[in-house]
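A.B. asks: Can you read through this structure? Questions will come right after.
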């Protein structure tokens, strides 16, 4: 199983040998350091915990500092493995495990958009744009209902509210290129989040 952590950089385009253009997202990934190894015997499941990024030692509490003996990491993430992990605490994982053509799954937190109406949040078309309407172009319409909803607002009713800042997983993305020297991986298509967002890449 391939896995690594990185930060989203920007989008650009890459031309392949055939001259075809590919829109890609640049992710500055790795290296990550193994901070803990879990197995079925002691923890009930197999997993590898890795650390990524750096932060000042004064901003880390003592229990976490004792856990992260390998460095002052900004992020700790855990990746499940099918069998018992072969990695050991202190091992480093870099982009050498990935190659062009790999299919990966990328997880990140989407851009936060604040409090939004139903048109932006749920794609409602709004009211009519004809004569006779007033101030109802982007209104949600009726939200109650004496019939099926029993004279109340049913749970899960699509209404205005906070939008974005959700954990989004994009599956089936393709690695177009890997630059081990600069620590950059080029993934075809869009990746969740803003510039600088922490993303998990699973192969």
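The values are calculated or read from the model by the stated rules, or taken from the named source; none is laboratory data. Remember, predicted model here, so these are calculated numbers, not experimental data. Virtual Cβ from ideal backbone geometry, glycine too; neighbours counted across all protein chains shown.
A.B. asks: Need a quick list: strands (runs of 3 or more DSSP E) entirely within segment 88-203 having at least 3 residues that are in contact with a strand residue (DSSP E or B) (Cβ under 6 Å, 6 or more places away or on another chain) and under 30 Å from residue 29 (Cα atoms).
C.D. replies: In segment 88-203, the matching strands (runs of 3 or more DSSP E) lie at 103-109, 167-179, 184-188, 198-202.
A.B. asks: How about segment 146-164: which of its residues are farther than 17 Å from residue 118 by Cα and in contact (Cβ under 8 Å) with a residue 12 or more places away in the chain?
C.D. replies: Going residue by residue through segment 146-164, those that are farther than 17 Å from residue 118 by Cα are 146-152.
None - no residue of segment 146-164 is farther than 17 Å from residue 118 by Cα and in contact (Cβ under 8 Å) with a residue 12 or more places away in the chain, so the list stays empty.
A.B. asks: Which of the residues spanning segment 36-68 are touching a residue at least 24 places away in the same chain (Cβ under 8 Å) and over 21 Å from the mean Cα position of the chain (by Cα)?
C.D. replies: 36, 37, 38, 39, 40, 45, 46, 67, 68
A.B. asks: Right, next: Would you say residue 51 is modelled with pLDDT under 90, under 29 Å from residue 110 (Cα atoms) and in contact with a strand residue (DSSP E or B) (Cβ under 7 Å, 6 or more places away or on another chain)?
C.D. replies: Numbers: modelled with pLDDT under 90: no; under 29 Å from residue 110 (Cα atoms): yes; in contact with a strand residue (DSSP E or B) (Cβ under 7 Å, 6 or more places away or on another chain): yes.
Considered against the rule, which asks whether it is modelled with pLDDT under 90, under 29 Å from residue 110 (Cα atoms) and in contact with a strand residue (DSSP E or B) (Cβ under 7 Å, 6 or more places away or on another chain), residue 51 comes out as no.
A.B. asks: Which residues, taken from segment 78-87, are assigned to a loop (DSSP other than H, G, I, E, B) and closer than 12 Å to residue 32 by Cβ?
C.D. replies: Kept after step one, since they are assigned to a loop (DSSP other than H, G, I, E, B), are these residues of segment 78-87: 81-87.
If the condition is that a residue be assigned to a loop (DSSP other than H, G, I, E, B) and closer than 12 Å to residue 32 by Cβ, then 87 is the only one that fits.
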